[in-house]
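Note sheet for the following structure.
Please treat every number below as a calculation from the coordinates, not as lab data. In this text, all values refer to a predicted model and were calculated from it rather than measured experimentally. Here Cβ is always computed from backbone atoms with ideal geometry, including for glycine, and neighbour counts include all displayed protein chains.
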Amino acid sequence: MRIGINALYLIPGKTGGMSAYLKNLLKYLQEIDTTNEYFIYTSIEGAGTFNLSAGNFHEIRCSLPARLRALHYFWELFILPFQVWKDKIDLLHSPANIAPIYLSCKSIITIHDVGIYLSSVNLPRVFTFTYKKLLPLMVRRASRIITVSEHSKKTISSVLGLSVPEIVVIPLAAEAGEVHEEIKKDIKTKYNIKEEYIFTLIAAIPHKNMDGLIHAYKILTERQQEVPQLVIAGIRGPAIQKVKKQIEEWGLEKNIIFLGFVPDSHLPSLYSSAKLFVFPSKFEGFGLPILEAMGYGVPVVSSNTTSLPEVIGDAGLMFNPDDPAEMADVIEHALVDTVTRKNLVEKGLKRVKEFSWRKVAEKTLAEYKAAMASGD
């Protein structure tokens, strides 16, 4: 079987959890599948990102600048099908919500969430058109649809009018990287971080609720004289200027640090040194940073919405993301109650072991085989 992987969307430092998904999927597919041939289609920015050491995995570098959104979508919809036909691909897997409508082969699409259908935020027209108008056509063309949580499965079914059995849930996973004490010290110095801090990894876009977290943090500083720094890492977005202005008005510039995008090599140190990890998002298809934090033995508090309770289980404390006072209460409890913190760490380390990237690869490969065996 000749399997194509549509990695054209990947822009290092810009595609968040979907990058982790694809990198780990390819890592473990190389370990478990030595029979099928794989062709990984990459953009100019994503070329060379993957460590493709297995002889049956080949990178096809396409002359596409993925940062140009309109051209990117045009390429995926109309040029990629010709490349797939040329390479005699039997099955194309598109792991990031967008897939060609017309293909000469079978198609599998991973839809992480359909939050764009539920959001009132104004987004670029080419983005909304592609998702809202073309996604229904893409999923009806697909032989298999994969998603990452039961919540996403139900939402996708409702929004796109699909029957639930047509959608397969394959949860994501997390693996803790190696942590070196000297590197931890260097990272803190580099980012001007004090000994104790609250950490979060979220993009500065409205539904990630950075403004809600800032408001909750302000409430904490009004209650206590000494509150750990708030360190925010993640992709900068349209909400960042509004949030920074609010921080200046509240006089919290010295308390809150914005790191922007940080390389993967810095995350083990940033996670493992944190006193607490907070995830305030209002909508998630999965919520991968929660598992990552648990893997480093960090207590986790998070929103109680969408897919997040599925990921957390009983290993974290939860709050209503629309209530900054409640968020502050939960954060404060996790900071000051040592018994609670110890329990959260123990439960988190146990919880993260229930998720496995190898299982993700095994289940995905099973879907490849099932798609080829089907008459769709």
*With an 8 Å cut-off on Cα pairs and a minimum separation of 6 or more residues, tell me the relative contact order of the chain in percent.*
16
*Looking at segment 204-269, which GluC sites (Glu not before Pro) are in a loop (DSSP not H, G, I, E or B) and have at most 12 other Cβ atoms within 10 Å?*
Glu226, Glu253
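Between Arg140 and Lys275, take the C-beta separation as r, use R0 = 51 Å, and let me know the FRET efficiency to the nearest 0.05.
0.60
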*For segment 181-352, what number results from the quotient of the Cα radius of gyration and 2.2 N^0.38 Å?*
0.94
*Among Ile290, Ile109, Ile205, which one moves the most in a GNM of the chain with springs linking Cα atoms closer than 10 Å?*
Ile205
*Dipole axis of the chain (+1 Lys, Arg; -1 Asp, Glu on Cβ), positive-most option in Gly285, Leu259, Gly297*: Gly285
*Longest exposed-loop-site-free stretch of the chain, with chymotrypsin sites (Phe, Trp or Tyr not before Pro), DSSP loop and at most 16 other Cβ within 10 Å?*
103-260
*Treat every Asp and Glu Cβ in segment 181-352 as -1 and every Lys and Arg Cβ as +1, leave all other atoms uncharged, and give the resulting dipole magnitude about the Cα centre to the nearest 20 debye.*
360
*Given H placed 1.01 Å from N in the peptide plane, which residues other than close sequence neighbours of Ser303 have an amide H under 5 Å from its amide H?*
Phe279, Ser281, Phe319
_Suppose every Lys and Arg Cβ carries +1 and every Asp and Glu Cβ carries -1, with no other charges. What dipole size does the chain come out with about its Cα centre, to the nearest 20 debye?_
1000
*Low-density loop cleavage sites - trypsin sites (Lys or Arg not before Pro) in segment 224-331, where at most 10 other Cβ are within 10 Å (DSSP)*: Lys254
*Label 7 Å along Cα→Cβ of Ile32; segment 333-374 residues with amide nitrogen under 19 Å?*
352-374
_Inter-site label distance for Glu249 and Glu150 at 7 Å from Cα along Cβ, in nm_ = 4.1
*Quick one: compute the contact order of segment 181-352, relative version, from alpha carbon pairs under 8 angstrom and 6+ residues apart, as a percent.*
23
*asked:* I'm a student and want to see the number: the projected area of the Cα convex hull of the chain, averaged over all directions, in nm².
replied: 18.2
*List the GluC sites (Glu not before Pro) in segment 305-352 that DSSP assigns to loop (not H, G, I, E or B) and whose Cβ has at most 14 other Cβ atoms within 10 Å. Which are they?*
none
*How large is ³J(HN,Hα), in whole Hz, for each residue of segment 167-184 in order, when computed from phi with the Karplus curve 6.51 cos²θ - 1.76 cosθ + 1.60 and θ = phi - 60°, using x for Gly and Pro?*
10, 9, 8, 10, x, 6, 8, 8, 10, 6, x, 6, 10, 10, 4, 5, 5, 4
_From the phi angles alone, apply the Karplus equation (6.51, -1.76, 1.60; θ = phi - 60°) to segment 88-99 and give each ³J(HN,Hα) in whole Hz, x where the residue is Gly or Pro._
6, 6, 8, 8, 10, 9, 10, x, 9, 6, 10, 9
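Cross-link list Lys218/Lys350; Lys27/Lys208; Lys194/Lys275; Lys88/Lys153; Lys208/Lys242: which exceed 23 angstrom alpha carbon to alpha carbon? Each step should come with its number before you reach the end.
Values: Lys218/Lys350 33 Å; Lys27/Lys208 29 Å; Lys194/Lys275 11 Å; Lys88/Lys153 31 Å; Lys208/Lys242 14 Å.
Pairs exceeding 23 Å: Lys218/Lys350; Lys27/Lys208; Lys88/Lys153.
Can you compute the FRET efficiency between Leu71 and Val339 using 1/(1 + (r/R0)^6), with r the Cβ-Cβ distance and R0 = 56 Å? Round to the nearest 0.05.
Values: r = 55 Å, r/R0 = 0.98.
That pair, Leu71 with Val339, gives E of 0.55.
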*Quick one: among Glu181, Glu196, Glu284, which has the greatest mean-square fluctuation in a GNM of the chain with alpha-carbon springs under 10 angstrom?*
Glu181
